[in-house]
Amino acid sequence: MRKPLPVLLPPEPPGDVVHRTAVRLSLVALVLGGAVPLLPVLVPRTAAWAGLSPDAHARAMTFGFVGLFVLAFLFRIVPRGRVKKLKRTKLAEAACFAICAAAVLDGLGAMGWGFGGRAALSGLWGFALLGLLGSLGVCWVGETRPNPWIEGWVGAGLTSMTLVGAVLAVAPLAGFDAVLRRAPAAFLFAGLVPVTVGFGARMVPSLCGVGPVDRDAVASVGRWMLGPAVALCVGLLADAAILVGPAATLLAAGILRTVAAMRWLRVRADGDELARRVRNRPEALALRWTARAAWASLALALAALLAWAVGSVMPEGGTAPGWVMTAWALAIHLVGLGFLGGMILGIGQRVLPAFVRDDVRLPRLRYVTGMLWGAALITRLGAVVDPSTARLLLPLSMALLLAGVALFVVQVGKSMRSPGAKGSPCPSPGPAPLRRRTPAA
């Protein structure tokens, strides 16, 4: 009896390899970074450990989880949008591992487990981010056909991320110890938010059936966002509230115009053909409600950031009032866990299986993932508003988030496997096209 011939799969694009690596490592950073605030409650003796700080948790969640996950999508999508082959893939993969290692070392150092080199840690964060963004920026070199979606919102976000990486890389030489504390906010608001707004405006309406979108309006607004994004990044890094206020206002105006171009994510009777075909599907309905909640969280986050800027510029009696720091904490968690976390889980649940032409596992539980994310967000905001409940609500929030992400991994796990591995589907150049239903003869 002859042995069956091996199945020869088509070569996988280099960007897809980096995408899969970054997604895996982002989940590692989430688990290890999310464990930082849980340990003081789960293990009583850790409450006496010196150096335990929520800053390490913020860096691990911002750079390690959210940053890697969002950039993973860019490595898969940007080379296709530029019609160019991604280069420096080894550098990109090494940078992904360096970012994950920095998240682990940051968490262990904050818990007093022998790693205390804050200067070396800042340099590791900075050079890892620069390496990852540099390998992605090669797609811009020599391109003669501009893409307004990439040059607009996404380009503004990547420029701000590069600035954050450069500042982190030189911070040990200049003695900027406070940069490690301020960098996550700049990376979130000035870097990840513009990138997610750009791709969200491009993908979400068609995926959840609320089209059509005024694409010319989105592209034209995006071209003007480079200045506000960089100004907001500089203001947050320098802790200059007088610069953060105007920059955040301009960014919020651009986001408001973009959401208006998306028709406020409302189902329209005059929608295009693709929107009409998918709007009543369960996966489109789940993404629609998750996206609406995520965009509402972004609006609240920008409002809280503006409140912090106003309160910091005009303090009462020479000192900032107590609600200013509450507004700051609300802004960070609303944009990180609310907007970016919701968009990651919602779009990822819809798109990742389509990348490999596969269906999501446990489709009836797709709403549970969003519910766990919403519960995690509400409990985390409750801990910010009432610090006396933080000892109970903080670990509960992280447990709910980890449970939601675990269910998300189960649902889209096949898309994280290497091509040719046992049980992995064949790769595809992009999301699977929708099949047209033909009436039976």
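Each label was represented as a point 7 Å from its Cα along the Cα-to-Cβ direction; for Ile242 and Ala299 these points are 3.2 nm apart.
Toward the positive end of the charge dipole of region 147-280, with +1 on the Cβ of Lys and Arg and -1 on the Cβ of Asp and Glu, the farthest Cα among Ala217, Ala248, Phe187 is that of Ala217. Here the simple spin-label model places points 7 Å from the Cα toward Cβ, and for Ala253 and Ala178 these points are separated by 2.9 nm.
Just to verify a number: FRET efficiency for Trp289 and Val310, C-beta to C-beta distance, R0 = 35 Å, to 0.05?
Result of the calculation: an efficiency of 0.60.
Extending 7 Å from the Cα toward the beta-carbon at both Tyr367 and Ala260 defines two label points whose distance is 3.4 nm.
So, counting K/R as plus one and D/E as minus one, what does the shell of residues with Cβ under 11 Å around Leu237 add up to? Intermediate results must be reported in sequence, preceding the final value.
Working: positive: Arg181, Arg182; negative: Asp239.
In short, +1.
The gain in end-to-end length when the Val409 to Asn280 segment is fully stretched comes to 44.0 nm, 0.36 nm per residue minus the alpha carbon separation.
Our summary of shape: the Cα atoms of region 307-418 have principal axis extents of 61, 28, 22 Å, ordered from largest down, in whole angstrom. Can you check what the net charge comes to around Gly346, using other residues whose Cβ is under 13 Å from the Cβ of Gly346 (Lys, Arg +1; Asp, Glu -1)? Every neighbour counted, the sum reads +3.
Each value in this text was obtained by applying a stated rule to the coordinates, not by laboratory testing. Keep in mind the model is a prediction, meaning the values are calculated, not measured. Cβ atoms come from the backbone with ideal geometry, glycine included; neighbour counts cover every protein chain shown.
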